[in-house]
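A.B. asks: Mind looking over this structure? Questions follow.
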Amino acid sequence: MKDETLYLEHILECINKINTYVKAGKSSFEQVTLIQDGVIRNLEIIGEATKRLSMDFREKYPAIPWKAIAGFRDILVHDYMGVDLDIVWEVIEKDLPALKELVIELTQS
């Protein structure tokens, strides 16, 4: 679990960075490209970290949508011209809090 813990810590660190970047709210996120870039980069890192978790580990925790997280990373990286900021914001508001909670549980177990 040592490698997995490292990747989980990366995920948690990225979520915390994103939360810091978007403290001013959606309007700032939409208007400030530097914030967008920071958020998107950290979402990419989250996706990459999930890909590096072992298959056994991911199968052990099916409540976390590992494949969807990695797939979102692929969209951000490969379809960067078509990134929909509304979808990114939805991920920030709806998906990251739950992911953070689950990752904290995993790092403490």
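A.B. asks: Determine, from the Cβ-Cβ distance of Leu85 and Tyr61 and an R0 of 30 Å, the FRET efficiency 1/(1 + (r/R0)^6), rounded to the nearest 0.05.
C.D. replies: 0.55
A.B. asks: Roughly how many nanometres apart are two label points built 7 Å out from the Cα toward the Cβ at His78 and Glu101?
C.D. replies: Output for this residue pair reads 3.2 nm.
A.B. asks: Within 10 Å of each candidate Cβ there may be at most 12 other Cβ atoms; applying that plus a DSSP loop requirement, which trypsin sites (Lys or Arg not before Pro) in region 1-80 survive?
C.D. replies: When the trypsin sites (Lys or Arg not before Pro) of region 1-80 are filtered for loop state and at most 12 Cβ neighbours within 10 Å, Lys23 remain.
A.B. asks: Here is a further query. Subtracting the Cα-Cα distance from 0.36 nm times the residue separation, let me have the gained length for Glu93 to Gln31 in nm, one decimal.
C.D. replies: 20.6 nm
A.B. asks: For the chain, what does the helix formula give at 222 nm: sum of -39500 (n - 2.57) over DSSP H segments with n ≥ 4, over the residue count, nearest 500 deg cm²/dmol?
C.D. replies: Only helices count here, giving -24000 deg cm²/dmol.
A.B. asks: Could you work out the percent of alpha carbon pairs in the chain separated by over 24 Å, rounded to a whole number?
C.D. replies: 21 percent
A.B. asks: So for the pair Gln108, Ile45, with labels modelled 7 Å out along Cα→Cβ, what separation do we get in nm?
C.D. replies: Calculated label separation equals 2.3 nm.
A.B. asks: What is the helix-to-structure angle for 33-52, meaning the angle in degrees between its Cα long axis and the longest Cα principal axis of the chain, kept from 0 to 90 and rounded to the nearest 10?
C.D. replies: 20 degrees
A.B. asks: Determine, for Met81, Met55, the number of other Cβ atoms within 10 Å of each Cβ, and report the residues in order from fewest to most.
C.D. replies: Fewest to most other Cβ atoms nearby, the residues stand as Met81, Met55.
A.B. asks: Please give the helix 2-21 orientation as an angle from the longest Cα principal axis of the chain, in degrees from 0 to 90, rounded to the nearest 10.
C.D. replies: 20 degrees
Computed from the coordinates by the stated procedures, all read-outs in this text should not be read as laboratory data. The structure presented is a predicted model; accordingly, all values stated were derived computationally and were not measured. Methodologically, a virtual Cβ is constructed for each residue, glycine included, from the backbone with ideal geometry; neighbour enumeration extends over all protein chains shown.
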